[in-house]
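The next block holds one structure in the form of C-alpha cells; read it before the comments.
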Amino acid sequence: MDAYELITRNAEEVVTDEEVRELAAEPEGKRVYVGYEPSGVLHLGHLLTANKLIDLQEAGMDVVVLLADVHAYLNGKGTFEEIRETAEQMRAQFLAYGLDEERTEFVYGSEYQLDEEYALDLHTLELATTLNRAQRAMAELQSGEAAKVSHVVYPLMQALDIEYLDLDLAVGGLDQRKVHMLAREELPELGYEVRPCLHTPILADLTTGVGKMSSSEGVTISMEDSTEEIEQKVNSAFCPPTRDPEPDEDGNERENPVLELFEYHVFPRFETVTVERPEKYGGDLTYDGYEELAADLESGELHPADAKSTLATYLDELIAPGREKLREFRD
RNA sequence: CCGCUCUUAGCUCAGCCUGGUAGAGCAGCCGACUGUAGAUCGGCUUGUCCCCCGUUCAAAUCGGGGAGAGCGGACCA
C-alpha cells in the first residue's frame, strides 16, 4: 500500500485532495494531530481516529495527540486536577491500543494555550468571527444545556491549535468539519498557513443503525467493557443481512453497524479474519478483506449471528490491553 | 438591578385551581417468534414530586423562605 492510500484509506473526506497528495509524496517527519477532550475511558469513536493515527505513523508521519484540558475546562468537565487525571488515563489507553510510543507526542493544551501570544491571537480570532459562525462550529451541547461564551471560544481555540502545534495535517471525525473549515478560512487572516484536514466517518448507533454512536446516549463499546459485555452489546446490535439497510419508519437513514465495525475497526488492524462456525452451518470461513465479508453477509453465506460473534472476538482483542491499563489505574 | 415563567420516572410532560403521599407516552428490561438484531405480539420495572420551614388528621397540591434554569426589561444612550 503506498503512502497516499495508507493516509486516506477509510477516510470520509480529505480537504483538499491536492494538499494531501503533496504530503503523501514526502510523509516522513510531517506532523499530524487529533485533539481529544480528556475522558476517562476511550470508546470506539476515539479508537476510530486512533486507527487513522496508526496509519499515519506507518506512513512515516509524527503524531501529536492533544490532550485538550483547557477545552475540557471550557466545556465544564471539572477542575484542572480532575481533567489531568482522566487525561493521563487516556494517554495510557492510547499507548496500550497500539500507538507507537516513540512516534507519538502527547501535549496538554494548557502547556501553550495560556501563553500571552496565544491569548492575543485568540482575541484577534474572536474579533474576526461572527457569533453565528462560531456557534455553528462549536461542539454539540448536551441536551438542555444553554450555550455559554466558553462554548463559542472552544472552536476558535481548536483552529489556533493547528498553528501553535506546528502541524501539517489536522485529523478528526466528520463532526469536526466545521471547525476545520473555520480554521482554513481564518488562519490566513492571522498570517498563518492553511493546513489540509482529514475526516474519519462517524459510526452509526449500534442498536439502531441511525445517527451516530455516542457515549452520552445509546450503546457504546469502550475500553472498560468486559469480554462478556462486548459479546452482549454486539449481539444486540442492529444487523440486517445487507450493507445498505432501508430507512426506519421515521425516514432516518440507517447503516449496518456490524459491517461498519468490521470495515473501520477490525480489518484495518487484522490481516485476516476467521469466522469460527459449527460444521452444521458450513464450518469456518476466512476473509482477507472487508469486501468479501460484506458480500457473504449479503448473499447469506455468512449469517449475521456468526458475523456478530466473530466481531465480538476481534473487538475484544483490540480492547483487552487498554482494559488492563484501566484496571491498573483503578487499583 | 427589576420583572415574568419553569423545576414531578432515563426523556417529554399531565396531575396542583377544588389537599387524601402519582400517572401517560416514549425509552428500558424480560419472554414468544425468527439460527442475529430489527419489526410484531405478550408481560414487567422505575420516583428524595428541587430544598427548607409552616398550616393541616393528611401537602406534589395551600402559605412563607431559599436554590437552580429559562426569558424579558432597564441601565450604558
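Using the 1.4 Å probe convention, the accessible area of chain A works out to 47 Å² per residue with neighbouring protein chains retained. Against the longest alpha carbon principal axis of chain A, how many degrees, from 0 to 90 and to the nearest 10, is the axis of helix A:177-186 turned? Compared with the principal axis, the helix lies near 30 degrees. When +1 charges are put on Lys and Arg Cβ atoms and -1 charges on Asp and Glu Cβ atoms, the dipole computed for chain A relative to its Cα centre reaches about 700 debye. I need the calculated FRET efficiency for the pair residue A:226 and residue A:147, taking r as the beta carbon distance and R₀ as 35 Å, to the nearest 0.05. Once rounded, the FRET efficiency stands at 0.40.
The helix-based estimate of mean residue ellipticity at 222 nm for chain A, built from -39,500 (n - 2.57) per DSSP H run of four or more residues and divided by its residue count, is -14000 deg cm²/dmol to the nearest 500. Ligands, DNA and RNA left out, the accessible area of chain A computed with a 1.4 Å probe is 45% carbon and sulfur. Here the mean projected area of the convex hull built on the C-alpha positions of region A:1-111 is 7.3 nm². Considering only A:39, A:15, A:89, the residue lying farthest towards the positive end of the dipole of region A:3-200 is A:39, judged by Cα position with unit charges set on Cβ. One compactness figure for chain A is 1.03, namely its Cα radius of gyration divided by 2.2 N^0.38 Å.
By the gyration tensor of its Cα atoms, with a ≥ b ≥ c the square roots of the eigenvalues, what is the shape of region A:3-200: rounded for a/c under 1.5, prolate for a/b over b/c, or oblate? Because a/c hits 1.5 or more and a/b fails to exceed b/c, region A:3-200 counts as oblate.
Could you tell me which residue out of A:122, A:221, A:150 lies farthest along the dipole of chain A toward its positive end? Charges go on the beta carbon: Lys and Arg +1, Asp and Glu -1, centred on the Cα centre. Farthest along the dipole direction, towards plus: A:150. When chain A is treated as a Gaussian network with alpha carbon springs shorter than 10 Å, the biggest mean-square fluctuation among A:134, A:146, A:50 belongs to A:146. For chain A, the longest principal axis of the Cα atoms and the long axis of helix A:44-58 meet at an angle of about 80 degrees. A straight line joining the Cα centroids of region A:230-257 and region A:298-331 runs 18 Å.
Note: relative contact order over chain A, using C-alpha pairs below 8 Å and six or more positions apart, is 18 percent.
Taken along its principal axes, the alpha carbon cloud of region A:194-331 reaches lengths of 45, 37, 35 Å, longest axis first.
At a temperature of 4 °C and a viscosity of 1.567 mPa s, determine how fast region A:266-331 diffuses translationally according to Stokes-Einstein, using the Kirkwood radius over alpha-carbon pairs as Rh; express D in µm²/s, rounded to the nearest whole number. Rounded to a whole number, D works out at 98 µm²/s. Of A:28, A:279, the order by accessible heavy-atom surface (1.4 Å probe, DNA, RNA and ligands excluded), from most exposed downward, is A:279, A:28.
Counting only DSSP beta bridges with both residues in region A:3-200, the antiparallel share comes to about 15 percent. The Cα-based radius of gyration and maximum Cα-Cα distance (Dmax) for region A:89-180 are 15.1, 43 Å. Pairs of Cα atoms nearer than 8 Å and 6+ residues apart set the relative contact order; for region A:1-147 it is 22 percent. The figure for residue A:319 is an accessible area of roughly 0 square angstrom, using a 1.4 Å probe on the protein chains alone. A simple packing score, the average count of other Cβ atoms within 10 Å per residue, orders the peptides A:224-230, A:235-241 as A:235-241, A:224-230, with the highest score first. The mean of 1/r over all pairs of different alpha-carbon atoms in region A:60-122, once inverted, gives a Kirkwood hydrodynamic radius of 12.8 Å.
The values are calculated or read from the model by the stated rules, or taken from the named source; none is laboratory data. Small disclaimer: the values here were computed from a predicted structure and weren't measured. We place every Cβ from the backbone using ideal geometry, glycine too, and count neighbours over all the protein chains shown. The protein model used for the area step is the full one, side chains on, heavy atoms only, and it has no ligands, DNA or RNA in it. Shrake-Rupley method; radii C 1.70, N 1.55, O 1.52, S 1.80 Å.
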